[in-house]
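Taking it in order: structure first as structure tokens, then the write-up.
The values are calculated or read from the model by the stated rules, or taken from the named source; none is laboratory data. Because the structure is a prediction, the values reported are computed rather than measured. Here Cβ is always computed from backbone atoms with ideal geometry, including for glycine, and neighbour counts include all displayed protein chains. Only protein heavy atoms, including side chains, enter the accessible area calculation; ligands, DNA and RNA are left aside. Shrake-Rupley method; radii C 1.70, N 1.55, O 1.52, S 1.80 Å.
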Amino acid sequence: MSSIKNTGLPWEFGLRSAHRTLVENGLRSHVRLRADGGFKFARDVIIAALLGADEFGFGTAALLAMGCVMARQCHLNTCPVGIATQDETLRARFAGKPEMVISYFKA
């Protein structure tokens, strides 16, 4: 219920609250906390770790590194960049390479 009520708030609030609640109830060693949502820089990972995260997700940032333009139509099979589509015509537009994502994570 808390997650539904607070949807849209920055991940920092939820992570801090979850970590604190688990510590207070002696359950922290039984749970791995994963933070995700808008990580773009190493600074974001450091903040999440300081707030209690054990794992980190980078889905959007990796997509952007590959050339995603965030058209928000992945579910329609009409991705203008050719990343999230099965349409061969649209897929031919995709110019991304694994090295693009590798370079992002190295930076």
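Looking only at residues that are open to solvent by less than 60 Å² (accessible area, probe 1.4 Å) and in a helix (DSSP H, G or I) in the range 53-62, which one is nearest to GLU99 (Cα to Cα)? Only one residue fits best here, namely ALA62. Out of all the residues in the range 14-35, is one or more among the acidic types (Asp, Glu) and modelled with pLDDT of 90 or more? Among the residues of the range 14-35, at least one is among the acidic types (Asp, Glu) and modelled with pLDDT of 90 or more, which makes the answer yes.
Looking at the structure I just gave you, is VAL81 in a loop (DSSP other than H, G, I, E, B) and open to solvent by 90 Å² or more (accessible area, probe 1.4 Å)?
Numbers: in a loop (DSSP other than H, G, I, E, B): yes; open to solvent by 90 Å² or more (accessible area, probe 1.4 Å): no.
Taking the combined requirement at face value, the residue does not satisfy it.
For every residue, the table says whether it meets (1) under 19 Å from PRO98 (Cβ atoms); (2) touching a helix residue (DSSP H, G or I) at 6+ places or on another chain (Cβ under 8 Å); (3) crowded, with 16+ Cβ neighbours inside 10 Å.
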{"position": "ALA18", "(1), (2), (3)": "no, no, yes"}
{"position": "ARG32", "(1), (2), (3)": "no, no, no"}
{"position": "ASP36", "(1), (2), (3)": "no, yes, no"}
{"position": "ALA42", "(1), (2), (3)": "no, no, no"}
{"position": "LEU51", "(1), (2), (3)": "no, yes, yes"}
{"position": "GLY67", "(1), (2), (3)": "yes, yes, no"}
{"position": "MET70", "(1), (2), (3)": "no, yes, no"}
{"position": "LEU76", "(1), (2), (3)": "no, no, no"}
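Selection within the range 85-96: residues that are in contact (Cβ under 8 Å) with a residue 12 or more places away in the chain and assigned to a loop (DSSP other than H, G, I, E, B). The member of this set that is nearest to the chain's Cα centre (by Cα) is GLY96.
Is it the case, given these coordinates, that ALA49 is closer than 23 Å to ALA107 by Cα, at pLDDT below 90 and not polar (S, T, N, Q)?
No; evaluated as a whole, the condition is false for this residue.
Here THR60 meets each of (1) of a type in the set (Ser, Thr, Tyr); (2) more than 11 Å from the chain's Cα centre (by Cα); (3) within 18 Å of LEU9 (Cβ to Cβ) with one exception, condition (2).
If the condition is being assigned to a loop (DSSP other than H, G, I, E, B) and under 19 Å from the mean Cα position of the chain (by Cα), then the range 97-107 contributes only ALA107.
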